Amino acid sequence: MKILKGLLIGAAVLALVGYFGFNFMKSQTKKASPEEVATYQLGDAEITIDYSRPTKKGRVIFGELVPYGKVWRTGANEATTFTTTKDLKVGGLPLTAGTYTLWTIPQADSWTVIFNSKMYPWGVNYDGDAQRDPTADVVKVEVPIQVMPEVAEQFTITVGGEPTALAMAWDLTKVRVPLTR
């Protein structure tokens, strides 16, 4: 009985250390890439984007930190979510009201922007690859990049402009995905 009791106490201690250790590590990554919740009104549709904002910190972003041709979780930490209360057109393609995870495949001259119907607990697997299940892709649209005149130190997602677009900017790269009601 003493051995069983010792094993149970040891397992409980390990579980607590693992739980608190994971939460500590999670809080530290959130300091480096703070969460942002942005809400926008597009006609009668409310759009909410929940994402984390990594910082450049002197690194080469696209083509190195974020490899070309590979799915990116589009931000840091948990997968970025995009919620719309009304049906929209994204790059001319229909997107039904709901919540989607937002993924991208950056290239040197264009990005593929993907709206996926599955929710994921974190943006990447333990090996660093994106968790996205391509069978749950709802909309995929390719947009050209714009080279910005000044560096965007922190990754930023906005909605606005004329015409209205979902814009993502980081380093010297910006992409705009047209949004219409």
For V71, only one of the following conditions fails: (1) more than 22 Å from Q41 (Cα to Cα); (2) in contact (Cβ under 8 Å) with a residue 60 or more places away in the chain; (3) in contact with a Gly (Cβ under 8 Å, 6 or more places away or on another chain); (4) not small (G, A, S). What is its number? (3)
Search result, residues across the range 38-86 that are touching a Leu at 6+ places or on another chain (Cβ under 7 Å) and on the phi > 0 side of the Ramachandran plot: T74
Hits in the range 143-169 (condition: in contact (Cβ under 8 Å) with a residue 60 or more places away in the chain and either under 15 Å from G91 (Cβ atoms) or not assigned by TED's automatic domain parsing to the domain that holds F115 (or both)): V159, T164, L166, M168
Would you be able to say whether some residue in the range 40-53 is touching a residue at least 40 places away in the same chain (Cβ under 8 Å), part of a loop (DSSP other than H, G, I, E, B) and loosely packed, with under 14 Cβ neighbours inside 10 Å? yes
Can we say V147 is of a type in the set (A, V, I, L, M, F, W, C) and either surrounded by fewer than 12 Cβ atoms within 10 Å (Cβ to Cβ) or touching a helix residue (DSSP H, G or I) at 6+ places or on another chain (Cβ under 7 Å) (or both)? yes
On the given criteria, is E162 out of contact with any strand residue (DSSP E or B) (no Cβ under 9 Å at 6 or more places or on another chain) and not hydroxyl-bearing (S, T, Y)? yes
Hey, Y126 of a type in the set (S, T, Y), buried (at least 19 other Cβ atoms within 10 Å of the Cβ) and assigned by TED's automatic domain parsing to the domain that holds L93 or not: no
Across (1) modelled with pLDDT of 95 or more; (2) within 22 Å of K140 (Cβ to Cβ), R73 clears everything bar (1)
Residues of the range 71-98 that turn out to be buried (at least 18 other Cβ atoms within 10 Å of the Cβ) and in a loop (DSSP other than H, G, I, E, B), as a count: 10
Give the range 128-162 a look and list any residue that's assigned to a strand (DSSP E or B), within 22 Å of K70 (Cα to Cα) and among the β-branched types (V, I, T), or say none. V138, V139, V141, V143, I145, V147, T156, I157
Going through (1) surrounded by 17 or more Cβ atoms within 10 Å (Cβ to Cβ); (2) part of a loop (DSSP other than H, G, I, E, B); (3) free of Cβ contacts under 8 Å to residues at least 40 places away in the same chain one by one, Y120 fails only at (3)
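The values are calculated or read from the model by the stated rules, or taken from the named source; none is laboratory data. None of these values were measured; they are calculated from a predicted model. Neighbour counts run over all protein chains shown; Cβ positions are idealised from the backbone, glycine included.
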